[in-house]
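Enquirer: One structure, pasted below without further comment.
Since every read-out is calculated from the coordinates, none of them should be taken as a lab result. Predicted model, so just to flag it, every value in this text is computed and none were measured. Cβ placement follows ideal geometry from the backbone for every residue including glycine, while neighbour counts extend to all protein chains displayed.
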Amino acid sequence: IGITLPVFFTRTPEDLMEFNIARRPDPDTGALDLAKVGAFLEQHPETVPAVTAAMTMPIPASYARLAYHALHTFKFVAADGTVTPARYHFVPAEGEASITDDEAAALGASYLRDELESRLEKGPAVFHLELELAAAGDPLDDPTALWSDRERVRVALTAARIERAANCDRTDDDG
């Protein structure tokens, strides 16, 4: 899964459920109960960076002009067997772009879908795959942890090698 925020909101599925419950609007007023959200954030300070990023993220100009970030750390294995933990990022080849509140209002509610359909009629949306390499001591199992100033490597995919663990799910299409 990739998201447009640099980190995720919670460490565990249980915390995510609790966060979503805290964010439910009051059924009578339709307003967010800031006391509930504040209490959750007080108990889960690791959620604050994602909330801050979500609140301050500029309005996207296009789905194809957004960067998408991994929620999880993956282990990449080189031909020589060396394992490198990293998070992936899909970075738009055209660069990221945003629009103003007024521009978004003038475009209408479906502008992102409409723009993407129009764009794809003309050709593909191109993204670069970049791996952000873990540094010593980086938590590898915490999607709320922001890694900053880490080395990034641009990857070119040239072949696929798929290995399955014995307990991995299969679909009928897997053969």
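Enquirer: Each residue of region 58-73 in order: what ³J(HN,Hα) in whole Hz does its phi give by Karplus 6.51 cos²θ - 1.76 cosθ + 1.60, θ = phi - 60°, with x for Gly and Pro?
Expert: Couplings: x, 6, x, 7, 6, 4, 7, 10, 10, 8, 10, 10, 5, 7, 10, 8 Hz.
Enquirer: Whole-Hz Karplus ³J(HN,Hα) for region 127-144, in order, using 6.51 cos²θ - 1.76 cosθ + 1.60 and θ = phi - 60°, x for Gly and Pro?
Expert: Along region 127-144, the couplings run 10, 9, 8, 10, 9, 9, 7, 5, 9, 3, x, 5, x, 9, 10, 10, x, 8 Hz.
Enquirer: A follow-up question, please. Can you work out the FRET efficiency for the pair ASP33 and ARG150, with r the C-beta to C-beta distance and R0 = 45 Å, to the nearest 0.05?
Expert: Between ASP33 and ARG150 the formula returns 0.75.
Enquirer: Please give the charge dipole size of region 1-96, origin at the Cα centre, charges +1 on K and R Cβ atoms and -1 on D and E Cβ atoms. Round to the nearest 20 debye.
Expert: Once rounded to the nearest 20, the dipole reads 240 debye.
Enquirer: Show me the ranking of peptides 116-126, 90-100 by mean Cβ neighbours inside 10 Å, starting with the highest.
Expert: So the order, starting with the most tightly packed, is 90-100, 116-126.
Enquirer: Also: What does the charge add up to near ALA22, with Lys and Arg as +1, Asp and Glu as -1, over the other residues with Cβ less than 10 Å from its Cβ?
Expert: Once all neighbours under 10 Å are counted, the net charge is +1.
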